[in-house]
Amino acid sequence: MSIDQFTITRPDDWHLHLRDGEMLAAVTGHSSANFERAIIMPNLVPPVVTTAQATAYRDRIMSCIPDGHRFEPLMTLYLTENTDIADLEAGAHSGVVSAVKLYPAGATTNSQSGVRNFDKVIPILERMAEIGLPLLVHGEVTDPEVDIFDREAVFIDRVLDPIRRKVPGLRVVMEHVTTTNGVDYVQSGGDTIAATITTHHLIINRNAYLAGGIRPHYYCLPVAKREEHRLVLRAAATSGRSRFFLGTDSAPHPNDAKEAACGCAGIYTSINSLNCLAQVFEDEDALDQLEAFASLNGPSFYGLPVNRGKVRFTKSAEPIAFPKQFAVQNDHVTVFDPGFPLHWRHQPVHDNEV
Ligand code: NCD
Ligand code: ZN
């Protein structure tokens with residue numbers, strides 16, 4: 001049966017890059033228009049490594065939320081080999097720090113200060129396990145000998161699984177999972193592991209950026225893989241299984257930085273993620289699972305309450321127009337083009353309508 005309207009709990013975004021300065025001012029309203037809360041990535045330059053920096057960054061984000069929007073940034077610290085355990089613990093206890101992000105050094109945008117020797121961070125991870133603070137991992141090895149399409153699978157074997165064996169109580173989110181290997185690992189990994197899945201990895205495979213010309217606006221890390229992996233991601237996201245939830249990994253870069261001989265990684269989806277996802281879930285005959293993926297499974301893993309607000313999705317005959325790009329920093333940021341028309345829009349449901 002085809003439906004043209006449904007209502008769900010207001011969604012959250014469990015993996016988001018808001019940047020800083022002018023970019024922060026330009027993009028925060030896109031997230032706050034669509035999401036109640038977001039896990040904010042700490043890969044600024046310099047990275048957010050202390051609770052004081054996370055608090056100051058949270059204040060800068062709050063000052064960019066448009067009037068009338070409600071949005072709660074959930075802050076993360078960038079894990080280094082020198083992370084101060086006492087500071088991290090104080091940040092967690094005061095409620096400022098919601099999670100810690102592990103970037104293998106050199107794995108992605110602004111990850112130079114990340115971890116080189118994983119043994120060095122084990123004492124920090126042990127403390128995090130004791131206080132229940134989740135570790136969010138960028139799950140790719142950086143070994144130049146490992147093919148870029150295999151880096152997630154190799155990370156699981158070489159880094160993630162050994163860490164989880166050494167620190168069994170540690171709660172881990174495999175961020176932006178892109179492979180069958182990742183989905184299987186999370187699936188069979190018990191209650192302490194979950195995964196975020198991005199909007200774009202549900203829609204594109206590696207042809208999107210490689211076939212028929214190089215298309216930098218579909219280039220992100222981890223790179224989109226073969227079609228068979230995309231299908232497994234779609235099955236996981238639409239399954240309703242509680243350990244898979246939405247993290248858009250929306251990552252704005254000016255066009256100049258992407259359309260270059262060495263273009264940087266990141267896809268910007270904050271504006272149209274939910275519209276894209278409604279279409280994906282409808283195509284999979286799984287609109288009834290969108291709420292679990294976008295609004296329920298994330299808070300359940302993080303031990304946070306589910307949002308009280310609701311949003312109603314309605315399907316229009318005419319496609320919805322989104323800007324192809326928007327201006328920022330004397331340049332533009334290109335918005336993700338899913339390659340199909342978007343017919344689902346959403347709006348808040350007011351209390352007196354529920
Ligand atoms: C992210 C960015 O630009 O900060 N890029 C990306 O391709 N996803 C970093 C990241 O999450 O890997
Ligand atoms: Zn990211």
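List the pairs whose first member sits in segment 165-185 and is under 18 Å from GLY132 (Cβ atoms) and free of Cβ contacts under 8 Å to residues at least 24 places away in the same chain, whose second member is within 16 Å of ligand 2 (Cβ to nearest atom) and of a type in the set (S, T, N, Q), and whose Cβ atoms are under 8 Å apart, counting only residues at least 6 apart or on separate chains?
From segment 165-185, no pairs qualify.
Considering only segment 87-105, how many residues are in contact (Cβ under 8 Å) with a residue 12 or more places away in the chain and more than 16 Å from ligand 1 (Cβ to nearest atom)?
Residues of segment 87-105 in contact (Cβ under 8 Å) with a residue 12 or more places away in the chain: 87-94, 96-105.
If we keep only those that are more than 16 Å from ligand 1 (Cβ to nearest atom) as well, we get 87-94, 96-98.
Count: 11.
If we scan segment 169-178, do we find a residue that is more than 25 Å from VAL96 (Cβ to Cβ), within 14 Å of ligand 1 (Cβ to nearest atom) and touching a helix residue (DSSP H, G or I) at 6+ places or on another chain (Cβ under 7 Å)? Explain how you work it out, then say what you get.
Looking only at segment 169-178, we keep the residues that are more than 25 Å from VAL96 (Cβ to Cβ), and these are 177-178.
Still in the list and also within 14 Å of ligand 1 (Cβ to nearest atom): 177-178.
Among the residues that remain, those that are also touching a helix residue (DSSP H, G or I) at 6+ places or on another chain (Cβ under 7 Å) are: 177-178.
Yes, because at least one residue in segment 169-178 is more than 25 Å from VAL96 (Cβ to Cβ), within 14 Å of ligand 1 (Cβ to nearest atom) and touching a helix residue (DSSP H, G or I) at 6+ places or on another chain (Cβ under 7 Å).
Report, ordered by the first and then the second residue, all pairs with beta carbons closer than 6 Å, sequence separation of six or more or different chains, a first member in segment 256-270 that is touching a residue at least 60 places away in the same chain (Cβ under 8 Å) and over 16 Å from GLN325 (Cβ atoms), and a second member that is part of a loop (DSSP other than H, G, I, E, B) and of a type in the set (A, V, I, L, M, F, W, C).
Pairs found: ALA265/CYS220; ALA265/LEU221.
Please go through segment 57-84 and pick out each residue that is farther than 30 Å from HIS350 by Cα, without any contact (Cβ under 8 Å) to a residue 60 or more places away in the chain and either in contact with a Leu (Cβ under 7 Å, 6 or more places away or on another chain) or surrounded by 13 or more Cβ atoms within 10 Å (Cβ to Cβ) (or both). First the steps, then the outcome.
Of segment 57-84, the ones farther than 30 Å from HIS350 by Cα are 57, 76-84.
Remaining after also requiring without any contact (Cβ under 8 Å) to a residue 60 or more places away in the chain: 57, 77-84.
Scanning segment 57-84 gives TYR57, LEU77, TYR78, LEU79, THR80, GLU81, THR83, ASP84.
Restricting the search to segment 1-49, which residues are among the charged types (D, E, K, R), in a loop (DSSP other than H, G, I, E, B) and within 13 Å of ligand 2 (Cβ to nearest atom)?
Of all residues in segment 1-49, those among the charged types (D, E, K, R) come to 4, 10, 12-13, 19-20, 22, 36-37.
From what's left, in a loop (DSSP other than H, G, I, E, B): 4, 10, 12, 19-20, 36.
Result: ARG19, single match.
Taking GLU140, is it in a helix (DSSP H, G or I) and of a type outside the set (Val, Ile, Thr)? Break it down stepwise before answering.
Working: in a helix (DSSP H, G or I): no; of a type outside the set (Val, Ile, Thr): yes.
No; evaluated as a whole, the condition is false for this residue.
List pairs: first residue in segment 106-132 and in contact (Cβ under 8 Å) with a residue 24 or more places away in the chain and in a loop (DSSP other than H, G, I, E, B), second residue away from ligand 1 (no atom under 16 Å from the Cβ) and hydroxyl-bearing (Ser, Thr, Tyr) anywhere in the structure, Cβ distance under 6 angstrom, at least six positions apart or on different chains.
Listed pairs, sorted by first residue: SER113/THR80.
When ALA251 is evaluated against the numbered criteria (1) touching a Phe, Trp or Tyr at 6+ places or on another chain (Cβ under 8 Å); (2) away from ligand 1 (no atom under 16 Å from the Cβ), which criterion, by number, is the only one it fails?
All conditions pass for ALA251, except number (2).
Given (1) surrounded by fewer than 24 Cβ atoms within 10 Å (Cβ to Cβ); (2) under 21 Å from CYS264 (Cβ atoms), where does GLN187 come up short, assuming only one miss?
(2)
Throughout, read-outs are computed from the coordinates displayed, never taken from laboratory work. Just so we're clear, the structure is a prediction, and the values are computed from it rather than from any experiment. Every residue, glycine as well, gets a Cβ built from its backbone with ideal geometry; the counts of neighbours run over all protein chains shown.
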